[in-house]
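These notes are about the structure you will find just below.
The values are calculated or read from the model by the stated rules, or taken from the named source; none is laboratory data. No experiment lies behind these values; they were computed from the predicted model shown. Ideal geometry is used to build each Cβ from the backbone, glycine not excepted, and the neighbour counts take in all protein chains shown.
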Amino acid sequence: EKHFAVKKNFSGKKILITAGPTYEAIDPVRFVGNRSSGKMGYALAQSFIEQGAEVTLISGPSHLVKPGGIKKFIPVESAQEMYEASNKCFPEMDIAVMSAAVADYRPKDIAQEKIKKADSGMTIEMEKTTDIAKSLGEIKSKKQLLVGFALETNNEEENAIRKLQNKNFDLIVLNSLRNPGSGFNHDTNQVKIFDKEGLKFQSELESKTTIAKMILEQIALLK
Ligand code: CTP
Ligand code: CA
C-alpha cells in the first residue's frame, strides 16, 4: 500500500506533538477534564519516531505508555502548563502537531482548601484558557509547519476550514463525531484532511496507527 511505502521521511526532523486532555483544577482534589485518551497523539509520535524524527511529546494526563525512542517527554496537567511548555519548545521545531484536547475554560479561582458541600447548589465561574495552537500560529516562521485537529459535530467542513485559517495551520485533520468508532476513546478513527486549498485526503474507518501514517504522508507531501 502507498502509505506504507514512504519510509524515513522525517530523518532528523524536530517534531512537537501535544496530546491527551488537560485537567483544570477546581480545588486540591477536583478538576474539570475531558475524555481524550491521548491515543491519536501517541500514535503520531510513534509514527514520526519510526520515520526518523526527534519527537518532543507534551502530554496531558494519560494512562498510555510513552512511545520508545522519544527524544523528550513533557507531562503536563493544565492548559496553561501545556501552553508554557509548547511555547518554549516551538521555536526550535520543524513541525508542530496539535492533537491535544485542550480545555477551553478553567475555573477562575482555584480553592486552596477542599470545597465543602452546602445545602444549596453551586456555580463555578470559568475563564478562557490560552489557545495554544493559535499562539503558535502567530509566531510560526516560513520554515515551520503547523498541523491542527478539529472535532466537530455539525457544519464540520466549514468549521474545520475556518479553524485552519484562524490558527494559521498548514493542515487540519477533521474528526467527525458523527461516525461511530471515530474520535475520543476509540481505537479507530475516520478523518478528512484539508490544506489551504481545500480537501486533500479522506480516509475510511481505520486504526489510529494507520490514520497516523496517513497524516504523516500528507505532511510529507507539504514539505
Ligand atoms: N487547541 C489548542 N489550545 C486550545 C484549544 C484548542 O491548541 N486552548 C488546538 C487543538 O489541539 C486542535 C485545534 O486547536 O488542534 C482545534 O481545537 P478545537 O477544540 O476543535 O477548536 P477550538 O478553537 O477550541 O474551538 P471550539 O472548541 O469552540 O470548536
Ligand atoms: Ca475547544
(request) Just need a number here: residues in segment 100-158 that are among the hydroxyl-bearing types (Ser, Thr, Tyr), assigned to a loop (DSSP other than H, G, I, E, B) and either within 14 Å of ligand 2 (Cβ to nearest atom) or touching a Pro at 6+ places or on another chain (Cβ under 6 Å) (or both). (result) 3
(request) With the checklist (1) more than 16 Å from ligand 2 (Cβ to nearest atom); (2) within 16 Å of residue 36 (Cα to Cα); (3) in contact (Cβ under 8 Å) with a residue 24 or more places away in the chain in hand, flag the one item residue 174 doesn't pass. (result) (1)
(message) Just to be sure I understand the filter: pairs with C-beta atoms under 8 Å, separated by 6 or more residues or on different chains, first member in segment 41-62 and free of Cβ contacts under 8 Å to residues at least 24 places away in the same chain, second member buried (at least 23 other Cβ atoms within 10 Å of the Cβ). Which pairs pass?
(response) 49/55
(message) The conditions are (1) touching a strand residue (DSSP E or B) at 6+ places or on another chain (Cβ under 9 Å); (2) within 16 Å of ligand 2 (Cβ to nearest atom); (3) farther than 17 Å from residue 58 by Cα, and residue 86 fails exactly one of them. Which is it?
(response) (3)
(request) Could you look through segment 148-168, keep only residues that are more than 8 Å from ligand 1 (Cβ to nearest atom) and surrounded by 21 or more Cβ atoms within 10 Å (Cβ to Cβ), and pick out the one that is nearest to residue 95 (Cα to Cα)? (result) 164
(request) Quick one: residue 167 ticks every box in (1) modelled with pLDDT of 95 or more; (2) under 17 Å from residue 44 (Cα atoms); (3) under 14 Å from the mean Cα position of the chain (by Cα); (4) not small (Gly, Ala, Ser) except a single one, so which number is it? (result) (2)
(request) Mind counting the residues in segment 82-127 that are in contact (Cβ under 8 Å) with a residue 24 or more places away in the chain, surrounded by 14 or more Cβ atoms within 10 Å (Cβ to Cβ) and of a type in the set (D, E, K, R)? (result) 2
